[in-house]
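The values are calculated or read from the model by the stated rules, or taken from the named source; none is laboratory data. The model shown is predicted, which means the values in this text are computed figures rather than measured ones. Cβ: placed from backbone, ideal geometry, glycine included. Neighbour counts: every protein chain shown. Note: accessible area is taken over every heavy atom of the protein model, side chains too, but ligands, DNA and RNA are not part of it. Shrake-Rupley method; radii C 1.70, N 1.55, O 1.52, S 1.80 Å.
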Amino acid sequence: MTETDAQMPEEHTDAGTAVIEFIFASIVLLIPVVYLMLAISQLQAASYATTSTAISASRIAARDADPSERRAGQVADMHFTDFGLTGVPTTIDYSCSGPCGQAGSLITARVETKVSLPGLPLLFGTEHSPHITLRATHTDVVATAGRA
């Protein structure tokens, strides 16, 4: 051994771990971002469906003197199915300014929806799963006199 060989520092023994660290960091960051995108897209779809249901429910009530809860529920199911959400609990309430069904009176439909975040019903069960409540209202004018 020469004198210059003895002064050279030893090589680092961690060669090649940068790839493993990069993959690990990518996975740790990628999984939450993908979950966040799934949750936001599901909430956005539920928001659109809730708003569409409120508009349709108020139009049904403005057209019919006696709005049918069953018909409004069917329309709600149709809207939520169109946006890829099934089995979402919805409640639809009506209120009138003036006599309901009289021409010129205003009828308001209020829709409330409880949307579970993706994957949480599997962990907590469908009954106790954390959810986000979405609400939408729409008011429509009754154009024709209601049938007696």
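For the reader, a short list of remarks on this structure follows.
- Tabulated pairs, region 77-104, first over 13 Å from Asp140 (Cβ atoms) and part of a loop (DSSP other than H, G, I, E, B), second among the acidic types (Asp, Glu) and open to solvent by 80 Å² or more (accessible area, probe 1.4 Å), C-beta under 7 angstrom, 6+ apart or interchain: none
- Residue ID - modelled with the lowest pLDDT, chosen from residues in region 84-93 that are surrounded by fewer than 17 Cβ atoms within 10 Å (Cβ to Cβ) and either within 15 Å of the chain's Cα centre (by Cα) or farther than 20 Å from Leu43 by Cα (or both): Gly87
Here's the yes/no breakdown for (1) among the hydrophobic types (A, V, I, L, M, F, W, C); (2) more than 30 Å from Ile31 (Cβ to Cβ):
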{"site": "Ala54", "(1), (2)": "yes, yes"}
{"site": "Ile60", "(1), (2)": "yes, yes"}
{"site": "Ile92", "(1), (2)": "yes, yes"}
{"site": "Ile107", "(1), (2)": "yes, yes"}
{"site": "Glu112", "(1), (2)": "no, yes"}
{"site": "Gly125", "(1), (2)": "no, no"}
{"site": "Thr133", "(1), (2)": "no, no"}
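- Only one entry in Leu36, Leu30, Leu43 is modelled with pLDDT of 90 or more and either more than 30 Å from Glu112 (Cβ to Cβ) or in a loop (DSSP other than H, G, I, E, B) (or both), namely Leu30.
- Residue list for region 68-96, filter: in contact with a Gly (Cβ under 9 Å, 6 or more places away or on another chain) and over 23 Å from Thr126 (Cβ atoms): none
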